[in-house]
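One structure below.
Any read-out appearing in this document is the output of simple, stated calculations on the displayed coordinates, not a laboratory observation. The structure displayed is predicted, hence computed values, not measured ones. Reconstructed Cβ throughout: ideal geometry from the backbone, glycine too, with neighbour counts over all protein chains shown.
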Amino acid sequence: MQEQMKAQFEQLGINTAGFVNPFTSLFSQVGKTNSGKDGEGVLSIATARDTATKFVKAQGLKPLGTKDVSVVENAFEISELWLNEATAFPASTHAPIAVSRMDWVLETMPGWHKTIEPLAAGLSSAISDLMDQAMNAQTADPEQGQPPIEMITAMLRSFIGTMIATQLGQSIGTLATSVTGAHDVGLPLLDPARAIVIPENIENWAVDLEIAKSEVFIFHALREGAVARLFAHNPWLVSYIQSAVVEYGKGIHIDIDAIQRQAQEAFEGAQANMPEGAGEGEAISFALDNGIFTPEESPAQKSALLKLETVLALIDGWSDEVVSLAAGDRIPSIEQLRESHRRRRAATSPAQLLFSSMLGLQVSPKLTREASAFWKKIREVKSVGERDQIWSGLLPTADDLLDPEKFLTSTSIPDDLSGLL
């Protein structure tokens, strides 16, 4: 069965060499539930971590030097003082530190695992539903020599978990070469929340910028420190983001009839467009590359993605406003640094790279700019404290970002409540 499944995937153009063998522990997994009692749950954190570390090692490991640590300490010493004036959230009790790319992977991996596991759970649940249908059909019309449905279900669950863990590991390993800190993706990846930066990546970020390195490091220390404060003093945000991913995962449904129909149409179209002499395997591979098996999202999933996109934009926009206020005229090149950050975000945003591959989510740079302008307007009309107080109440929607004053009016409690009686 293992060899037959492997051959089927290879025929579909999927290279199985990079996947951890999901069948080696099959028989020990048959009969287990997805409760996570085995320490791994649906998504293997060990597979994701091993894949990510291999990617980092392939790029070459650069250890932290004494100079790196000193530069980061100086940058945070300055940035933390400036942030005290720019946000109502106090500094974390955990000191900010410099880390290597490998350390970043190991530090953030539990957070990645907690965030993405609902996707694996959703796929596993969809597989179970599909197998229940097949089990009913097999019970009604049993065939001699057919393997038990329970075993096939366990194989598919194992494969799905390994596939997502491998994809997650590849994404994290790729991000490790470009992110500048733990919160560069706008996700609460550390528990407890604290600021960490990667000096090697900040150095690379500064290449071709005619800006003093000290200013570049302070800029990134400000961004990292601001988001760390936000998460440290708003722990409900962790649950809010997690719930959006859970809602999306619960909506995953496998419509086998629709897949067969799409596959047939795409296969016929691929054959018509393939060069003369191409085989069936190449036609199927061509069809897969064009995303024929991307499921249609339900209204609930679309709502979850909008919720996730908006909160990520709010976090990114808030940190941009706080950094701009904290830096003021203290960093001569602050506007150049902000613009460089925006351009990089629009081109290769870490959140874009991760969520586009795992969820198909596109975090709009336009929405982030609107969020930054929203937070700035709130602070100008009210104050730093009242701006930050919004995080403890009802978060603004994407529409609210376009009219900050209307949002304030709708969420304010009038001094005279007699008219409501």
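What order do you get for Val179, Val227 when you list them from fewest to most C-beta neighbours inside 10 Å?
Values: Val179 22, Val227 26.
Ranking Val179, Val227 by Cβ neighbours within 10 Å, fewest first, gives Val179, Val227.
So between Gln242 and Leu394, what do we pick up on full extension, going 0.36 nm a residue minus the alpha carbon distance?
53.0 nm
Using a 10 Å cut-off around each Cβ, can you sort Leu402, Leu408, Leu119, Leu337 from fewest to most neighbouring Cβ atoms?
On the way: Leu402 13, Leu408 17, Leu119 22, Leu337 25.
The fewest-first ordering by Cβ neighbours comes to Leu402, Leu408, Leu119, Leu337.
Starting from the Cα gyration tensor of segment 54-137, take the square roots of the eigenvalues, sort them a ≥ b ≥ c, and report rounded, prolate or oblate (rounded when a/c is under 1.5, otherwise prolate if a/b is larger than b/c, else oblate). Present the calculation step by step, with values, prior to reporting the outcome.
On the way: a/c = 6.11, a/b = 2.05, b/c = 2.98.
Judged from the Cα gyration tensor, segment 54-137 comes out oblate (a/c at least 1.5, b/c at or above a/b).
Which shape class, rounded, prolate or oblate, goes with segment 187-248 when its Cα gyration tensor gives a ≥ b ≥ c as root eigenvalues, a/c under 1.5 marks rounded, and past that a/b bigger than b/c marks prolate? Kindly include the intermediate steps, with their values, before the conclusion.
Values: a/c = 3.40, a/b = 2.29, b/c = 1.48.
Since a/c reaches 1.5 and a/b is larger than b/c, the shape of segment 187-248 is classed as prolate.
Can you tell me the length gained on complete extension of the stretch Glu203 to Ala46, counting 0.36 nm per residue apart and subtracting the Cα distance?
Values: separation 157, 0.36 × 157 = 56.52 nm, distance 3.02 nm.
My answer for the length gained is 53.5 nm.
Given points 7 Å out from each Cα along the Cα-Cβ axis, report the Leu61 to Arg344 separation in nanometres with one decimal.
Computed distance between label sites Leu61 and Arg344 equals 2.5 nm.
Pop the C-beta distance of Lys302 and Ser412 into the FRET formula with R0 = 25 Å and round what comes out to the nearest 0.05.
On the way: r = 31 Å, r/R0 = 1.23.
Efficiency for this residue pair is about 0.25.
Can you tell me how much longer the chain between Asp129 and Glu210 gets when fully stretched, taken as 0.36 nm per residue apart minus their C-alpha distance, in nm with one decimal?
On the way: separation 81, 0.36 × 81 = 29.16 nm, distance 5.74 nm.
Extending this stretch completely gives an extra 23.4 nm.
Run the quick spin-label model on Glu386 and Glu405: label points 7 Å from Cα toward the beta carbon, then report their separation in nm to one decimal.
Placing both labels 7 Å along Cα→Cβ, they lie 1.3 nm apart.
Cut-off is 10 Å between beta-carbons; in what order do Glu73, Glu200, Glu380, Glu224 appear when sorted fewest neighbours first?
Details: Glu73 15, Glu200 22, Glu380 10, Glu224 28.
Ordered by Cβ neighbours within 10 Å, fewest first: Glu380, Glu73, Glu200, Glu224.
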